[in-house]
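Where a number appears in this text, it was derived from the coordinates with a stated rule and is not lab data. The model shown is predicted, which means the values in this text are computed figures rather than measured ones. Heads up, the Cβs are rebuilt from the backbone with ideal geometry, glycines too, and the neighbour counts pull from every protein chain shown.
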Amino acid sequence: MSSCLREISAWSPALDAIEYNYRSLFDESIQYGGLPSPEIDANWDDLVAERPFALTEVEVTDKLRHSATKAVHFTEEEGGEYLGFLEVFHQLHCINMLRKFVYSDYYASDRALLDTPDNVRMHMDHCLEMLRRNVMCYGDVSVLTYTWSAKKDIPNPNFDVMHKCRNFDRIVDWNRNGERALNRTPTKPV
């Protein structure tokens, strides 16, 4: 991985998995959008499934600048690792929650939407704010052009723009199959 990537990114053990590719985001097949269906739900469930990974105490305190006493970790008997989670999966969770909220009639029995109206609204506000901050943090400066519509007298944005994207499959593979992947949950101390 390039030193340039390390220079412009927050520390993460997943940086070693980063590769880039160019692609248009406009012509991708729709696996996650449209009216709710069991197939779309299965795609989202796979995408947002929690995938924690192991961190060391030094990584938590020195690289992430978090408190080792407050960070969740396994007991020494359980291995002593700290629990990490890639932010991209939290962001995808938020998009999925907003999607379910849009189709709340279909997802009326979803556990997260069954909470009190105030808690659901607070969760949605949290998701919107986190996504807004992330979009503004990364500030995509890709250029859109416009085309004329046969139906309207105003220009329409052409969303068929090339982007330089992180290879998401590599990130998922690192998270699911890497040496740090965890398939267990720590015991909460009493």
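Annotations
- Using alpha-carbon coordinates, inclination of helix 117-138 to the longest axis of the chain, degrees: 80
- Cα-based radius of gyration of segment 73-142 once divided by 2.2 N^0.38 Å, which approximates compact folds: 1.46
- Nearest 10 degrees, 0 to 90: helix 168-177 Cα axis against the chain principal axis: 20
- Stretching the chain fully between ARG166 and GLN31 yields a gain of 46.7 nm (0.36 nm per residue, less the alpha carbon separation).
- Spin-label proximity, TYR22 to segment 151-190 - amide N less than 17 Å from point 7 Å beyond Cα toward beta carbon: 160-167
- Each peptide in 133-146, 157-170 gets a packing score, the mean of other Cβ atoms within 10 Å over its residues, and the list from highest to lowest is 157-170, 133-146.
- MRE, 222 nm, helices only [DSSP H, n ≥ 4, -39500 (n - 2.57), over the chain, to nearest 500]: -11000 deg cm²/dmol
- For segment 148-164 versus segment 116-136, the spacing of their alpha-carbon centroids is 30 Å.
- Difference of contour (0.36 nm per residue) and Cα-Cα distance, ARG133 to ARG180: 14.1 nm
- With Cα atoms, 0 to 90° folded angle of helix 38-48 axis to the chain main axis: 50
- Across segment 3-177, the volume of the C-alpha convex hull divided among the residues equals 189 Å³ per residue.
- Unmatched cysteines, the chain - criterion: no other Cβ of a Cys under 4.7 angstrom: CYS4, CYS137, CYS165
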